[in-house]
Amino acid sequence: MKKRTIFGISVLVLLALVLISYWFLSGPGADPLGPNLNTTGNETTAGNITRLSDEENKTPLAETPDETPDQTPVETIEDALAARNITLSNEEDAILLTQDTDLAAFARERMNSHGVFQEELAGTVPGEPVYVYSLDEKLNDYYLIPFEKDGYIAVIATVTIMDDIALFGSVTAPSIQTKDVVRPTLEEAREVLSERGHDDDLDARLVWKPCLQTMSRLQPVWEFSNDDGETWYVCYSFDDTIEVYDELTEKTRAG
């Protein structure tokens, strides 16, 4: 009887040791199926690289994440300008570019602050911003931002894009009554291009650089290109006719 009792106690002790060992190895509250090593929310991991899912893998113009107590505060415009060694006479002429940046509101506020084109600006509504690509590597791309009144363009402001910074630039009022931010319009440019024997469905974009065809950023040029890499430029000439050019001619200094 005594041997049976000792044997029973030994079995219980052994079972207890097994349970204690399992507890230490697994850890309290461990997932019996083990941790999920493949996904974390909308992310997938491969080694030390984290890749967002297709739904989240988007590249907006600039994105500022919501700040949490554990995150570094969002960069200020002063920090952004200093990091690029940019000095402005008025730093309020620059703004951080994010998903929520209202460029038209920014341009209007700066025009009001500088007191320019106030009569023309009064009562206007902002139109659709027009993006212009710079062909000069020393100059940045920019937006033309129109303000309309009674169906016509009253004022056009330029806002230069420098990475995640938007810089307020020049402002003008059209010299003629027009509903078009850019002249010629894309349709007019395609028509003239077709009359010169070119396809009328070529890829098109607005571009600018200092050249004999146009010296003003407010007068960009239509650039058309085909699959063979051939390029043509369409714009108004100084005699107010629409012309097609094989290239934009840089202005050379006299002497």
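What follows is calculated from the coordinates using simple rules that are stated; it is not laboratory data. Quick caveat: nothing in here was measured; it's all calculated off a predicted structure. Glycine gets a Cβ as well: all are built from the backbone with ideal geometry, and neighbour counts include every protein chain shown.
With both labels modelled 7 Å from their Cα along Cα-to-Cβ, the Lys179 to Asp200 distance reads 2.0 nm. The stretch between Asp141 and Glu119 holds 5.1 nm of extra length on full extension. This uses 0.36 nm per residue minus the Cα-Cα distance. The alpha carbons of region 165-255 occupy a box of 41, 37, 35 Å along the principal axes, longest dimension given first.
When the GluC sites (Glu not before Pro) in region 153-251 are filtered for DSSP coil states and for at most 14 other beta-carbon atoms within 10 Å of their beta-carbon, the remaining sites are Glu230, Glu247, Glu250.
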